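First up is the structure itself, then whatever we jot down about it.
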Amino acid sequence: MIKIPNNNEHKPSYQEKIWHVVSMIPKGKVATYGQVAELAGLPQMARAVGRTLSKLPKDTELPWFRVINAKGKISFPVDSEAYLRQKDLLAEEDITLLNGKVNLKSHQWIP
DNA sequence: TCCTTGACGGAGA
DNA sequence: ATCTCCGCCAAGG
């Protein structure tokens, strides 16, 4: 039988792995891009996580806002709408910013 | 195919 | 704590 030069997926599977990991981050906790990449089995690909999240539909159910950078900061310009949106969504889970940073010590998700 | 761009991270200075 | 520089690598021009 003729083999279709591709799988039925039109998108790279790594995105699905990332979606899965992000969906597991519990409410009230956060994970870093690098952490998500590692848990997804994609070490050294933190940027792929950011790329994937940037393509999510506006009405996604994925808790993308629980993903922040390794410094505990939100990876958007502080004067952007996106920054405020993420900050508010986190605040709803009692994750507040101190000096622009989340206290990873107490809020980082440890699987 | 080559070059640039990132919702990144870590090591130095 | 802040700033640079460099490694990583998929996507899009």
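Just so you know, all these numbers are worked out from the coordinates, no wet-lab data involved. None of these values were measured; they are calculated from a predicted model. FYI the Cβ positions are ideal-geometry reconstructions off the backbone, even for glycines, and counts take in every protein chain you see.
Structure values in brief
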{"item": "On Cα atoms only, tilt of A:13-23 relative to the major axis of chain A in degrees", "result": "30"}
{"item": "Bins of 10 Å from zero: percent of alpha-carbon pairs in chain A", "result": "14, 46, 28, 8, 4, 1, 0"}
{"item": "The stretch A:13-107 - charge dipole about Cα centre, Lys and Arg +1 at Cβ, Asp and Glu -1, debye rounded to 20", "result": "320"}
{"item": "Pairs beyond 22 Å (Cα-Cα), from A:Lys55/A:Lys105; A:Lys17/A:Lys101; A:Lys73/A:Lys105; A:Lys17/A:Lys87; A:Lys17/A:Lys105; A:Lys55/A:Lys101", "result": "A:Lys55/A:Lys105; A:Lys17/A:Lys101; A:Lys17/A:Lys87; A:Lys17/A:Lys105; A:Lys55/A:Lys101"}
{"item": "A:Lys73 versus A:Leu89: modelled label distance in nm, points set 7 Å from Cα along the beta carbon direction", "result": "2.0"}
{"item": "Separation of the A:Glu61 and A:Glu81 label points, Cα + 7 Å toward Cβ, nm", "result": "2.5"}
{"item": "Rel. contact order, % - alpha carbon contacts under 8 angstrom, at least six apart, chain A", "result": "28"}
{"item": "Computed helical MRE - 222 nm, chain A, DSSP H runs ≥ 4 contributing -39500 (n - 2.57), nearest 500", "result": "-10500 deg cm²/dmol"}
